[in-house]
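Scroll down for the structure; my scribbles are underneath it.
The values are calculated or read from the model by the stated rules, or taken from the named source; none is laboratory data. Quantities reported herein were computed from a predicted structural model and do not represent experimental measurements. All Cβ positions, glycine included, derive from the backbone under ideal geometry; neighbour counts span all protein chains shown. Keep in mind that these areas ignore ligands, DNA and RNA; they rest on the heavy atoms of the full protein, side chains included. Shrake-Rupley method; radii C 1.70, N 1.55, O 1.52, S 1.80 Å.
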Amino acid sequence: MNKQLTSKITTPSPLQPGVSRGDAVEISTELVTFENQHGLRLVGFHDYLLTDSPPAGWMLVLPGYGETKTDVLAEAYTLAKNGFHTLRFDFSDHDGESDGDILNTSLTGLTSDILSATNYLFDRFGPVKLGAVARSLASRALIRAAREDHRLQLVINLVSIVDVRKTLCAIYREDHFARLHSGYRNGVMDVLGFQVDADNFLRSASEDNFENLNNTVDDVRHLCVPTIFFAAEQDVWVELNDVRHVFNEVAATDKELYILQGVMHTINENPQLAQKVLRQITACAIKYLANCEANAFVKPQPREIGFRIKKEKERNKLVHSVSKQEEREFWKTYLDKYSFVINVHDYWNLLDLIYRLLGEPKGNEKLLDAGCGLGNFGIFVLLKALYNLRHPRLLNSPKPVYNYVGLDFVREGIDEASASHLSIEEKFLKNLPVTLKQRSFSAVFCVSDLDQGMPFKDGTFDKICSNLVVSYLQNPTIALRELVRVLKPKGRIVLTSLKPFADLSEVYRNFVQVTASKEAISEAQKLLSNAGRIKLKEAKGIYEFFSEESLSDMLKDAGIRDVETFRSFGNQANLAVGTKM
């Protein structure tokens, strides 16, 4: 069955008898631990309705590659609300609470953990009707697990990577499997946004037959249970025809393919469609595990999911707590690999949008770059000012003078920012007429921690930019109030954050499409590796990415009015701008 999943899904009516409704029933979440086949501890959550009714079935809700059990809470709670018991857990040698390090991750390891979870459920609860849902690379592991263990009676694949070799080639413009087969060592490198032992990952995928499309086809030819695929129509990492080919080769009689129109690889960046997918997943689970038609759909209340996410993030912070010195060392290392970002077109567009939203500096206005890092926004503003000096209308006119203050808590970043600004200005001004060589730009840099307040008087600045910083603060709300304190009445502020479920491989793809330089691509890969390190901390609950609505609410709560939101940085960053009352 091949279907287009669009905005039209039938409004639910009451469920068939025997399937629990969860409208007014609370969900219980129980912490569970068990061992995998190699003796590593796996940590998960068992979600279910507090009701005496028997479960409609069991579902393994598997986090995607680089994700944790909290990232699939919406899927688990939706299934639980509709009568299912669910188990979601952190993979070993991955991120989260389970044993191991993501450096050692492999598809073979993911598969082993899925099989171990299946054993755990059958050992603890006896024979159950069990299905599983997984996304992206984890979906590939689920396909293998379902081939090896027929107790998995339903397989649901979300934007599954069906040809690992082709996907990696599409991202990195290089065949790392070919390099491996020719004896070349890849070492530790970025694999789909995370730093892993590439030789271990690639060798395991090759030796255990995960490498290419033919391997996936061979696996699905052994799947005799209901198998569902959700494929993204505009997925740049997975060819839709490859998914169709795999789907057609599934041995099961009961199989369904849903094409997600207008969607790329990350479903969750489209919340409305994500909700529709959740409904369809639930419908498939009811149909094939509860053996009845999905005539009703119970949606968890936002407060239920929001409350649970908050609790789990608080837990993650306790488990993965870091000191301020550790954070400072992390960002020092991070910034060492970050200077090249100024060459990325999507990032330049982000800086340009911030500049336009704040408005061109006038007169003696003071601009604060809060969390400036290497001073990239300051460089952007400086270049704008210096190029403006070349305009004929300025030859006999007073030059605009304004002050830039860059603030960050990493001394090494501040030193580099200061040196970069001075070097650019000196090189530029030496080519201008003597009459135009007076400074038009005053730059001051200081070391200060936004989590500890700022050394400025009330109403010091006319404009404030805090670019891709708020997500990394210990208490964003307090820090934002401090920024508003030092902003003048009627002053402008722009706040930006990577969006939830941001996929910076999109930014990388856009960059490599317009450059043929191996050196530039190599530098861009370092940026992608940096992004992976950020995502790991976000998954651990140390960092939090904010939606447009969240950024807007934060500004309004801090006393900012006329707030507007925008999207930039290859569609991966949210911006909010407003004026102090």
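Being out of contact with any Leu (no Cβ under 9 Å at 6 or more places or on another chain) and over 22 Å from Tyr77 (Cα atoms): is that true of Asn241 here?
yes
Considering only residues that are more than 15 Å from Phe34 (Cα to Cα) and touching a residue at least 40 places away in the same chain (Cβ under 8 Å), which ones fall in the range 112-133?
Val128, Lys129, Leu130, Gly131, Ala132, Val133
Check whether at least one residue in the range 425-444 is open to solvent by 20 Å² or more (accessible area, probe 1.4 Å), under 39 Å from the mean Cα position of the chain (by Cα) and modelled with pLDDT of 90 or more, and report yes or no.
The answer is yes, given that some residue of the range 425-444 is open to solvent by 20 Å² or more (accessible area, probe 1.4 Å), under 39 Å from the mean Cα position of the chain (by Cα) and modelled with pLDDT of 90 or more.
Can you give me the number of residues within the range 38-75 that are closer than 28 Å to Cys292 by Cα, more than 19 Å from the chain's Cα centre (by Cα) and not in a loop (DSSP other than H, G, I, E, B)?
Selection size over the range 38-75: 9.
Val507 versus (1) out of contact with any strand residue (DSSP E or B) (no Cβ under 8 Å at 6 or more places or on another chain); (2) at pLDDT below 75; (3) among the aliphatic types (A, V, I, L, M): which is the lone unmet condition?
Going through the list (1) out of contact with any strand residue (DSSP E or B) (no Cβ under 8 Å at 6 or more places or on another chain); (2) at pLDDT below 75; (3) among the aliphatic types (A, V, I, L, M), Val507 breaks only (2).
Out of curiosity, is Asn349 in a helix (DSSP H, G or I) and out of contact with any helix residue (DSSP H, G or I) (no Cβ under 6 Å at 6 or more places or on another chain)?
So Asn349 fits the description; yes.
Okay, residues lined up against (1) free of Cβ contacts under 8 Å to residues at least 40 places away in the same chain; (2) among the acidic types (Asp, Glu):
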{"residue": "Val514", "(1), (2)": "no, no"}
{"residue": "Lys518", "(1), (2)": "yes, no"}
{"residue": "Gln525", "(1), (2)": "no, no"}
{"residue": "Asp562", "(1), (2)": "yes, yes"}
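Can you name the condition, by its number, that Leu202 falls short on among (1) in a strand (DSSP E or B); (2) over 22 Å from Leu130 (Cβ atoms)?
(1)
List the number of the failed condition for Glu506; all other conditions in (1) among the charged types (D, E, K, R); (2) open to solvent by less than 20 Å² (accessible area, probe 1.4 Å); (3) assigned to a loop (DSSP other than H, G, I, E, B) hold.
Tallying (1) among the charged types (D, E, K, R); (2) open to solvent by less than 20 Å² (accessible area, probe 1.4 Å); (3) assigned to a loop (DSSP other than H, G, I, E, B), Glu506 fails exactly one: (3).
Could you give me the residue pairs with C-beta distances under 7 Å whose first residue belongs to the range 88-105 and is within 16 Å of Gly39 (Cα to Cα), whose second residue is assigned to a strand (DSSP E or B) and open to solvent by 10 Å² or more (accessible area, probe 1.4 Å) wherever it lies, and which are 6+ apart or on separate chains?
Ser98/Arg41; Asp99/Arg41; Asn104/Asp197
Considering each residue of the range 161-205, count those that are more than 21 Å from Asp101 (Cα to Cα) and not aliphatic (A, V, I, L, M), and give that number.
Residues that pass the stated criteria total 16.
What number goes with the only condition from (1) out of contact with any Cys (no Cβ under 9 Å at 6 or more places or on another chain); (2) surrounded by fewer than 19 Cβ atoms within 10 Å (Cβ to Cβ); (3) at pLDDT 65 or above that Val410 does not pass?
Failed condition: (2).
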